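Scroll down for the structure; my scribbles are underneath it.
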Amino acid sequence: ARGHDLVGILAAGEMSFGFANHLGQFNWQQGGSWNFDWSLHAFGDKAVKRSMAGGEWDAGRLRGAIDEAAAQLEWLKLPPKTLEPGRYRAYFTPSALGSLLSMLNWGGLSEKEVRSKRSPLLKLAAGEVGLSPLVTLTEDAAAGLAPMFQSDGFIKPDQVGLIVGGAHRNSLIGPRSAGEFGLAPNAGAHEMAESLRMEAGALPQQQALEALGTGVYLSNLWYLNFSDRAACRITGMTRFACFWVEGGKIVAPLGVMRFDDSLFDLLGGQLEALTAERELLADASSYGGRATQSKLLPGALVSSLHFSL
């Protein structure tokens, strides 16, 4: 990062997890990983934010990411583009898509929330709506950073298919829900995905801007919340390094905008393509210890995203 103002948090090394009880059950798992959550600062409140993670350190990939972020710093120096409220084509980087799926993970994948009719994916689980056939989401415990057993000692299955080909397949079931509904547990008590994997598409990442044509390139989102939980409608703000694109080229930074749209649409009829490349995004939280949640995600090209102001 020589010549640039870089700030971030690097967490690396081995993590160990254990469980034991008076019945003689003993579980143990350990493994090494790294997570680098960082930004290149431009000026004022302008920065390019990135997150990288993996099992083995890859200095070459990090250099490439820093070079790419440095190039985006130059675009941040241009006068910002202010858009009128309305609908625009959009490309979500894996990080931006991860923010949307984090909202989906807030009760949307839970068996308890489906049974109590509070899930934002209730209409999908009931078969009333469908997502794009491109959308396949899996809880991939065998490939994630979290332990293969949860805090009560229940062993997690290697994979749980949650949404397959745009259709609801399974929910995440904690031990209490399993006991209440007569099911087998497959997740922790909070019934949230800890190692979420989305299948890749066919769009080369290097061709994402060309495929976008004219529209918005979204690197980072924040302040997300449900604006209509039953409709799986989410609102939020654009943040770091979001750009206006014309003719497949970035021409200006995007002024801060608020979006409001349904994931039933963004991951449904409005989803045009997913990238062939995926990025591993790890939770950078450290409350009581290094977080172990992770997502393996592609980028997503959508034909329409609604900006409300």
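Laboratory data are not the source of any read-out in this text; all were calculated from the coordinates shown. None of the values given here were measured: they were computed from a predicted structure. Cβ atoms come from the backbone with ideal geometry, glycine included; neighbour counts cover every protein chain shown.
Over the Cα atoms of the range 1-135, what Rg and Dmax result, in angstrom?
Gyration radius and largest Cα-Cα distance of the range 1-135: 21.3, 66 Å.
What nm value, rounded to one decimal, do you get for the distance between S285 and T214 when each label is placed 7 Å out toward the C-beta?
Simple spin-label model gives 4.2 nm for this pair.
Quick check: the angle from helix 59-76's long axis to the longest principal axis of the chain, C-alpha only, nearest 10 degrees?
Tilt relative to the chain: about 40 degrees.
Starting from 0 in steps of 10 Å, tell me what percent of the Cα-Cα pairs of the chain lands in each bin.
6, 26, 33, 24, 9, 2, 0
Once the convex hull of the alpha carbons of the range 153-309 is built, what does its volume come to per residue, in cubic angstrom?
Cα convex hull per residue, to the nearest whole number: 147 Å³.
To the nearest 0.05, how large is the calculated FRET efficiency for R87 and R118 if R₀ is 25 Å and r is the Cβ-Cβ distance?
For R87 and R118, the calculated efficiency is 0.30.
If the cut-off is a Cα-Cα distance under 22 Å, which lysines reach K46, setting aside same-chain residues fewer than 8 apart in sequence?
Counting by Cα, and skipping residues close in sequence, K46 has these lysines nearby: K77, K81, K249.
Take every Cα-Cα pair in the range 72-132 and report what % of them are more than 14 Å apart.
72
Pull up the cross-link candidates among the lysines for K295, meaning alpha carbon to alpha carbon under 18 Å and not fewer than 8 places away within one chain.
Candidates past the 8-residue exclusion: K49, K156.
Where the only charges are on Cβ atoms (+1 Lys, Arg; -1 Asp, Glu), what is the dipole of the range 244-285 about its Cα centre, to the nearest 20 debye?
140
Charges only on Cβ, +1 for Lys and Arg, -1 for Asp and Glu: so what's the dipole of the range 58-111 about the Cα centre, in debye to the nearest 20?
200
Tell me the label-point distance for the pair E277, A59, using the 7 Å Cα-to-Cβ offset, in nm and rounded to one decimal.
2.1
Helix 94-104 sits at what angle to the longest principal axis of the chain, using alpha carbons and giving 0 to 90 degrees rounded to 10?
Tilt relative to the chain: about 50 degrees.
Quick check: pseudo-label points 7 Å beyond the Cα along Cα→Cβ at N27 and D5, how many nm apart are they?
Each label point lies 7 Å from its Cα, and together they span 4.6 nm.
Give me, ordered by chain and number, the residues 5 or more places off G213 or on other chains with an amide H under 5 Å from its own placed amide H.
Answer set, sorted by chain and number: G248.
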